[in-house]
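Below you'll find the structure, written out as structure tokens, and then a few comments.
What follows is calculated from the coordinates using simple rules that are stated; it is not laboratory data. Bear in mind that the values here come from a model prediction, so they are computed numbers and not experimental data. No Cβ is skipped: glycine too gets one built from the backbone with ideal geometry, and neighbour counts run over all protein chains shown.
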Amino acid sequence: MSPAEGRPIRRVAVVAKIGPPEGARITAELADWLSERGIEVVFDSDTARAIDRSEYETRNRVPADVDLAIVAGGDGTLLSVARSATPHEIPILGVNFGSLGFLTELQPDELFDGLEEVLAGNYSIEERQTLRVQFLRDGQEQREYAVLNDAVITKSALARMVTISVRVDGAHVTTYTSDGLIVASPTGSTAYSLSAGGPILDPRMRAFVIAPICPHSMSYRPLVVPGGVSIEVTIHDDDQEDDEVYLTLDGQIGYPFSSADRLVVDTHPHPLRLVRVNGLSFFEVLRRKLRWGER
């Protein structure tokens, strides 16, 4: 975690999940609060529509020239914004309107006090490793994304197995027979990977978790590899019937995945930058969110 650079905040992007009843009200109050302090505010299109504002960008895309992005919602909303904010190294301040909120920093009743600290420069930046995910078909790159949590390959009909080969820096690791495979970042280790029996990694690490989903053999176990490696995933020919295998990124973007495709995952050159003002450690967040030690 590094201290704030002290650069002035003059332009802020606001993306909000408007579903909760207080969402539109707090977002409108936030926009007015920032404007009163001479800060230009832009919104994503859905947020602008919900609070009747005209200054907007495309849904969940943060313009490259903002100094801060405020994301009001749950971890899912923050994940969607991170894909456009990360390549431009835009800091994100998360406000939790969701349930767990591992990534968000403030509760709604802490928002304005927390923002006062941010505008005064009393905050730090926590950098999180992100995944550079390349989806290749017939050797040609189809898509590249900055992904915070995980890349997942699964069967659409989970009653059937999929055969998945994994290489790390070109070396064959193993061939899994399972319901699917998760490649997760340290941040993503508390998401789907945790449900699949993977370990919890400290998000300050640079590493990957490779976790099979419901493997056919008891000898398959989640694997942790260094963050400097490149991971390549392919599937076997007999697993591509009717496009039943899918690649999903952060649970939000999906593509059919066949034996003609390759998934290549390494560390993205730009980390996600989260604004921290409340001083909670990762372990305190774990105790609160996962209720460690409670009966």
Rounding to the nearest 10 and keeping the result within 0 to 90°, find how far the Cα-based axis of helix 75-85 lies from the longest principal axis of the chain. 90
For region 131-267, the Cα-Cα pair-distance distribution in 10 Å bins from 0, as whole percents, is 13, 49, 34, 4, 0
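Just order 208-217, 117-126, 226-235 by mean Cβ neighbour count inside 10 Å, highest at the front, would you? Don't skip to the end; give the middle numbers.
Details: 208-217: 21.3, 117-126: 15.4, 226-235: 17.5.
Averaged packing, sorted descending, gives the order 208-217, 226-235, 117-126.
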Starting with the fewest neighbours, write out Val183, Val168 ranked by other beta-carbon atoms found within 10 Å of each beta-carbon. Val168, Val183
By the C-alpha gyration tensor axes a ≥ b ≥ c (rounded if a/c is under 1.5, else prolate when a/b exceeds b/c, else oblate), the shape of region 176-218 is prolate
Identify the chymotrypsin sites (Phe, Trp or Tyr not before Pro) of region 216-289 meeting these criteria: DSSP loop state and at most 10 other C-beta atoms within 10 Å of the C-beta. none
Just order 250-256, 275-281, 26-32, 74-80 by mean Cβ neighbour count inside 10 Å, highest at the front, would you? 74-80, 26-32, 250-256, 275-281
Per 10 angstrom bin, beginning at 0 and ending with the bin that holds the maximum distance, the Cα pairs of the chain fall in percents of 6, 27, 31, 22, 11, 2, 0
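Per DSSP H run of at least 4 residues, take -39500 (n - 2.57); add these up for the chain, divide by its residues and hand me the 222 nm value, nearest 500 deg cm²/dmol.
Helix contribution divided over all residues of the chain: -5500 deg cm²/dmol.
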Could you tell me which residue out of Gly254, Pro63, Gly76 lies farthest along the dipole of the chain toward its positive end? Charges go on the beta carbon: Lys and Arg +1, Asp and Glu -1, centred on the Cα centre. Gly76
